[in-house]
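As structure tokens, the structure follows; a few thoughts come after it.
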């Protein structure tokens, strides 16, 4: 096994439609990837065999949610010592043409913060220097830092003191940044 995670994600059905089509095309041209997909399909087949028998009756989830709401539970409380921000919470702020930022967490005491960047197709994050290490995880789409091309699932670390080329995207992207002020 080459450890190509795409093969397992492909078989498990975890890839979005575009990514799934890309993996299928790549497998047509890459015998190793094709073999890895076949290996994962055989390995995971026992999970699929009992899938129909394990499915709850239609409407089960809705009945469970109705009982929870009837009991007066609207939201699971936060875990002590944690911060939770739901997917639809928090505003996006425009920081440049085709670039938006959504702050997820900011700790003034330590200077650590995490935020999402949404880069429209053709959007540009200008050249910038890093006063601290900056972690970037691409959630969806494509991001290029000069000649370096990243896609969903890729991680990139820009070390303190490094000047970063402009970040661009041909198809749009969302990525997570974690760094220090």
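The values are calculated or read from the model by the stated rules, or taken from the named source; none is laboratory data. Keep in mind that this is a model prediction, so the values were computed, not measured. Here the Cβ positions follow ideal geometry from the backbone for every residue, glycine too, while neighbour counts run over all protein chains shown.
Structure summary
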item	result
Qualifying residues in the stretch 148-158 (those that are at negative phi and either part of a loop (DSSP other than H, G, I, E, B) or under 18 Å from the mean Cα position of the chain (by Cα) (or both)) - the one surrounded by the most Cβ atoms within 10 Å (Cβ to Cβ)	150
Matching residues, the stretch 6-41, being farther than 21 Å from residue 172 by Cβ, within 17 Å of the chain's Cα centre (by Cα) and assigned to a helix (DSSP H, G or I)	8, 10, 12
Residues (surrounded by 12 or more Cβ atoms within 10 Å (Cβ to Cβ) and either over 12 Å from the mean Cα position of the chain (by Cα) or not in a strand (DSSP E or B) (or both)) located in the stretch 164-181	164, 165, 166, 167, 168, 169, 170, 171, 172, 178, 179, 180
Residue in the stretch 74-88 that is without any contact (Cβ under 8 Å) to a residue 60 or more places away in the chain and in a strand (DSSP E or B) present	no
The stretch 81-99, residues that are more than 22 Å from residue 169 (Cα to Cα) and surrounded by 12 or more Cβ atoms within 10 Å (Cβ to Cβ)	85, 90
Boolean, residue 161 is farther than 23 Å from residue 23 by Cβ, without any contact (Cβ under 8 Å) to a residue 24 or more places away in the chain and either surrounded by 12 or more Cβ atoms within 10 Å (Cβ to Cβ) or not assigned by TED's automatic domain parsing to the domain that holds residue 9 (or both)	no
Residue within the stretch 100-109 that is surrounded by 11 or more Cβ atoms within 10 Å (Cβ to Cβ), assigned to a loop (DSSP other than H, G, I, E, B) and assigned by TED's automatic domain parsing to the domain that holds residue 170 present	no
Flag for residue 118 being surrounded by 13 or more Cβ atoms within 10 Å (Cβ to Cβ) and within 20 Å of residue 153 (Cα to Cα)	yes
